[in-house]
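What follows is a short report on a single structure.
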Amino acid sequence: MSHTETHAEHIDEEHDHPSDLKYVKIAIVLAAITAAEVVTFYVEDELGALLAPILIVMMIVKFGIVAAEFMHLRYDSNLLTRVFVAGIVLAVGVYIAAMTTFHYFSS
Amino acid sequence: MTTSTTTEHVGAAHPTTAPGHVTSTGLSNEKLSMWLFLGSECLLFGGLISTFLLYRNVDVELAVGDLYDIPFTSVSSFVLLMSSLTMVLAVSAIKRGNGRQTRTWLLTTALLGASFVAGQVYEFTVFYREGLGYTTNVQSSAFYTLTGFHGVHVSIGIIMLLSMFVLSLKGRIGPERHEALEIVGLYWHFVDVVWIVIFTIVYLIR
Amino acid sequence: MAITEADRPILELPVGERTVRQPLGVFTRPTATTGWRSWLSTIDHKKIGILYGATSLFFFFIGGMEALLIRAQLAQPDGQVLSAEAYNQAFTMHGTTMVFLVVMPLAAAFANYLIPLQIGARDVAFPRLNALSYWTFLFGGIVLNSSWFLGGAPDNGWFNYAPNSGLSYSPGHGIDFWNMGLLIAGIASLVGAINLITTCLNMRAPGMTLMRMPVFTWMSLVTQFLLLFAIPVLTVAQFLLMFDRLFGANFFNVEAGADPLLWQHLFWIFGHPEVYIMILPAFGIISEILPVFSRKPIFGYPFMVFSGIAIGFMGWGVWAHHMFVSGIGPVSVAAFSLSTMFIAVPTGVKIFNWVGTLWGGKLKLTVPMAFAIALVAQFTIGGVSGVSHAVSPSDTQQTDTYYIVAHFHYVLFGGALFGMVGGLYFWWPKIFGHHLRERLGWWHFWLMVLGFNLTFFPMHILGLQGMPRRTASYNADMGWDVWNAVSTVGSFLIGVSFLFFAYNILTSRKNPKAVADPWDGRSLEWATTSPPPVHNFDEIPTVSHLDEWWHRKYQEDDNHKLVRVENVALFASEAGPDEPVHLPSPSYWPFVLSLGLPFIAWGLLYSYWLAAFGGVLVLAAIYGWSLEPSVDPAGAHHDDDHHVGPQGEPVAVSADAAPDAGAAAEEITE
């Protein structure tokens, strides 16, 4: 039992917590998305300019699932999500801005 | 991180979250601090990834993208992804007080992680033999540094998993200490999540 | 919770035997409460704060000497005091020392000492990690300064631009010492940030909502978030440089197609938040001093908090204003110029709020108050020159001239350092139990104000006249003689002012004891003895107001006039706590871990065996630490020296004393 939860929170945690079976199902979904990503490798030319956006969407979905379910963010306090999202948003923002000054996104 | 019954705790919080102590947010110190650390790691890996992306645009004789073996790396990625599953199963097992299962899943996670690292090492060896060393060009330096940093993080994770395995064997971590394993798990999942990003951006999008 | 079999250290003997306190059979658990060993193994935030402060002041002396060397060289045209090579080392080390080894750790000293007291806690969230922060900082500073003895100090400026920092232009080890020393010190900052954020969020006294925290704690909290996210960016830059120099990587190898601007971006993405990291704690300090000596609450508390948060956010969006002439192109320049202009706004809010605090207050002009007011005035001057930098066309002339040197010294010295020195005078009685002498303090203050302004104001003029930075000498026919001479005189005056400070410190120890609350303070640190007992408060107070201590002392009558409450008890007394307080136990492991780091650094440069030795120390310390309980269970069962009375002396406790039910903690919902 987590050291600092109240009894009520503990009960909530038990109910909201994914079961082992649910975890396996989530893993299957992740594997399926990974398989789809690999498929894009074989149909790269057909996808053309859509390749990058499709892959990025799949990446974000996988990232989100692992963070929300495996890392339990969905069931934990908002504060933890905010702290992690802050790091991600800051990193993405700052580095995209830097790369823009390098004209990375323009030809 | 436990204290005895003769411990007097006057006041709201004890420096490390001992049982029965309320923190202002209701979260344990250890868990909050791991998430803070992971937030900072986003900036670290973001910097390494951006560096790679920048240098990938430089015209070089031997580009790392020419040497990829996507099917092989896909298998590696799948292995690491599954290790996240075995990790949550380990945490689930320790909550139920099943030491044996905990250790089984811990060991499996460590082995899957080690397979991933072995796969990376193999991949790098192949690249090296093809002429792409660490110092060959700007791209190769960036590629090996990024994936190398990630690999080191995985390796440290494996050491932590094996340490937890040994502690579990010695009966040092039971269900009341499940949070320690949960926190190791957070680190492990993060390392997996970073690979999800690297696999897409570095390998698949070229 | 009872200690079970599983919880005892591995080598501990079975129940009934006298516990052998030898984790891993290597060290006995330290128990000293006095003497040098107690300082080596301390995990008490107050002692760690004092260590940080003393060490910073030592490095301030070194950095100050470096500054005086610079000024001596520039006193006259064609100066002969330093060669060009020596001059480059002097200004590089001066800047690096002042930023990383003085201002940042001084801020850490205050944060460490005050935050737990101000939020009503007994220590930080992770006391051993706190100790690690200090020792790592110390060893980082040692590695950096070891360069003087090992072939020469770094000489490429505190910002160490590529490709100058590479092997072809800097073949000696100086740059490596800069890199490794700061990498090690960076660990201190990152770890400290995690610790203090967790402390502020998790360990507040019952009733202390976030909006009842003192402004100093708030500013420190924002600072820690900035550190948390900014240090890794610098770390990336430093690893890339290290790999270039040690392993032949190509990150800054222009011939291979690398872009030196990569360094500049990474450095300044860290570097701009860094300047807010340096100033926000000082803003917090004066936000405590001004209200106390105006006998008024801080004007616009929510605005102070939110402007601090705004500065924290906006500080991430302006970094390339350090790169206006680096060739990033007009679009980027315009964007960053705009964002830089915006960031003046939240800081302006603070200036108005400080003035609003003073306005209509019953002012008491003490030495700390003087330093605080000086910050407001001098930082404003620095801010005004900053606004002129934000306008990129004018910056194009100003950049790399002494105008910039004037700007950042006005905000960092005239701002941050003045604020921190004021903080030292303010909290000295609390920390050490006696006052610093006012008269000597006034000498210090006036000489410092005079010296500081004489040194740096003329630099605005010199900069506009075109005098470039980082050049060892200037020609007699440039017309810069007079102001340089004035500036040098001013710098030595600053030195003299600090002699008064040093003399004050050294001779004040025999002063009469200070009372708990000599200034009639507002926040909780004044509610305990001076110095505080090791456990901070006998009983953790329940908080119901901002400025809780003030509200305990003063009530308002029907006419809204303040009436002093009779006989308000302190939250700590000679008698000590009613029930013994269990504190985390001291530990050598943080020191041992930190000790391994410089060996790794030197080893990477000279001998991999040395690095391996350092690595073994670090690894052993990590395991020793993880396996060592944070509270020595042997202390609970057999020894009573972790049950403390108010002076930190052992207090006997019977083994079957009833456990305290714990003070009822209010639900704090955020």
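The values are calculated or read from the model by the stated rules, or taken from the named source; none is laboratory data. Predicted model only: the values in this text are computed from it and were never measured. Using ideal geometry, Cβ is built from the backbone for each residue, glycine included, and neighbour counts are taken over all protein chains shown.
Just one of the listed residues (B:Phe116, B:Phe190) is of a type outside the set (Val, Ile, Thr), assigned to a helix (DSSP H, G or I), crowded, with 23+ Cβ neighbours inside 10 Å and touching an Asp or Glu at 6+ places or on another chain (Cβ under 8 Å), namely B:Phe190. Scanning region B:92-99 finds one or more residues that are at positive phi, modelled with pLDDT under 95, within 12 Å of chain A (Cβ to nearest Cβ) and surrounded by fewer than 20 Cβ atoms within 10 Å (Cβ to Cβ).
Only one entry in B:Phe116, B:Phe190, B:Phe143, B:Phe199 is among the aromatic types (Phe, Trp, Tyr), over 13 Å from the mean Cα position of the chain (by Cα) and away from chain C (no Cβ under 12 Å), namely B:Phe199. In this structure, is C:Asn156 surrounded by fewer than 22 Cβ atoms within 10 Å (Cβ to Cβ) and in a loop (DSSP other than H, G, I, E, B)? So C:Asn156 fits the description; yes. If the condition is being within 11 Å of another protein chain (Cβ to nearest Cβ), of a type in the set (Gly, Ala, Ser) and assigned to a helix (DSSP H, G or I), then region B:146-184 contributes B:Gly148, B:Ser163, B:Ser168, B:Ala180.
Only a single item in (1) under 30 Å from C:Ile311 (Cβ atoms); (2) within 11 Å of chain B (Cβ to nearest Cβ); (3) touching a Phe, Trp or Tyr at 6+ places or on another chain (Cβ under 6 Å) is not met by C:Ala258, and it is number (1). Taking first residues from region A:20-45 that are more than 7 Å from chain B (Cβ to nearest Cβ) and partners that are part of a helix (DSSP H, G or I), the Cβ contacts under 6 Å between residues at least 6 apart in sequence or on separate chains come to A:Ile26/A:Glu69; A:Ile33/A:Met58; A:Ile33/A:Lys62; A:Glu44/A:Leu51. Those helices (runs of 4 or more DSSP H) of region C:315-402 in which 2 or more residues are over 28 Å from the mean Cα position of the chain (by Cα) occupy C:330-358, C:392-398. Screening region C:478-518 for residues that are assigned to a loop (DSSP other than H, G, I, E, B) and in contact with a Phe, Trp or Tyr (Cβ under 6 Å, 6 or more places away or on another chain) and picking the one that is farthest from C:Leu447 (Cα to Cα) gives C:Asp517. Taking the criterion of being among the charged types (D, E, K, R) and either facing chain C (nearest Cβ under 10 Å) or without any contact (Cβ under 8 Å) to a residue 24 or more places away in the chain (or both), the only residue of region B:121-140 that qualifies is B:Arg129. Just give me the residues in region C:180-198 being crowded, with 24+ Cβ neighbours inside 10 Å and more than 16 Å from the chain's Cα centre (by Cα), in sequence order. If the condition is that a residue be crowded, with 24+ Cβ neighbours inside 10 Å and more than 16 Å from the chain's Cα centre (by Cα), then C:Met180, C:Gly181, C:Thr198 are the ones that fit. Looking across region C:556-596 at every residue that is touching a strand residue (DSSP E or B) at 6+ places or on another chain (Cβ under 8 Å) and among the charged types (D, E, K, R), the one that is nearest to C:Gly140 (Cα to Cα) is identified as C:Arg564. What are the residues in region A:50-107 that are assigned by TED's automatic domain parsing to the domain that holds A:Ala35, closer than 30 Å to B:Asn57 by Cα and buried (at least 18 other Cβ atoms within 10 Å of the Cβ), if any? Correct list: A:Leu51, A:Leu55, A:Met58, A:Met59, A:Lys62. Within the set B:Leu111, B:Leu106, the sole residue that is crowded, with 19+ Cβ neighbours inside 10 Å, on the phi < 0 side of the Ramachandran plot and away from chain A (no Cβ under 14 Å) turns out to be B:Leu106. Counting only helices (runs of 4 or more DSSP H) that sit wholly inside region A:20-107, those with at least 1 residues that are of a type in the set (Phe, Trp, Tyr) are A:20-42, A:51-65, A:78-101. Restricted to region C:200-243, and to residues there that are β-branched (Val, Ile, Thr) and at the interface with chain B (Cβ under 8 Å from one of its Cβ atoms), the residue that is nearest to C:Leu597 (Cα to Cα) is C:Thr235. Being within 30 Å of C:Val534 (Cβ to Cβ), more than 16 Å from the chain's Cα centre (by Cα) and among the polar types (S, T, N, Q) holds for only one residue in C:Gln89, C:Gln118, and it is C:Gln118.
Among the residues of region B:57-86, those that are in a helix (DSSP H, G or I), in contact with a helix residue (DSSP H, G or I) (Cβ under 8 Å, 6 or more places away or on another chain) and not polar (S, T, N, Q) comprise B:Val64, B:Gly65, B:Ile70, B:Pro71, B:Phe72, B:Val75, B:Phe78, B:Val79, B:Leu80, B:Leu81, B:Met82, B:Leu85. I'd like to know if region C:283-300 contains one or more residues that are crowded, with 24+ Cβ neighbours inside 10 Å and within 20 Å of C:Pro163 (Cβ to Cβ). Looking for residues that are crowded, with 24+ Cβ neighbours inside 10 Å and within 20 Å of C:Pro163 (Cβ to Cβ), one finds none in region C:283-300, hence no.
For region C:528-553, taking the residues that are among the hydrophobic types (A, V, I, L, M, F, W, C) and farther than 19 Å from C:Trp218 by Cβ, the one that is surrounded by the fewest Cβ atoms within 10 Å (Cβ to Cβ) is identified as C:Val534. Has region B:49-56 got at least one residue that is assigned to a helix (DSSP H, G or I), among the charged types (D, E, K, R), more than 9 Å from chain A (Cβ to nearest Cβ) and touching a residue at least 24 places away in the same chain (Cβ under 8 Å)? Yes, region B:49-56 contains at least one residue that is assigned to a helix (DSSP H, G or I), among the charged types (D, E, K, R), more than 9 Å from chain A (Cβ to nearest Cβ) and touching a residue at least 24 places away in the same chain (Cβ under 8 Å).
Can you tell me which residue within region C:532-578, out of those that are within 11 Å of another protein chain (Cβ to nearest Cβ) and of a type in the set (Val, Ile, Thr), is farthest from the chain's Cα centre (by Cα)? Ranking the candidates gives C:Thr542 first.
Only residues that are among the hydrophobic types (A, V, I, L, M, F, W, C), within 24 Å of the chain's Cα centre (by Cα) and within 30 Å of C:Gly257 (Cα to Cα) were counted in region C:138-174, giving 3.
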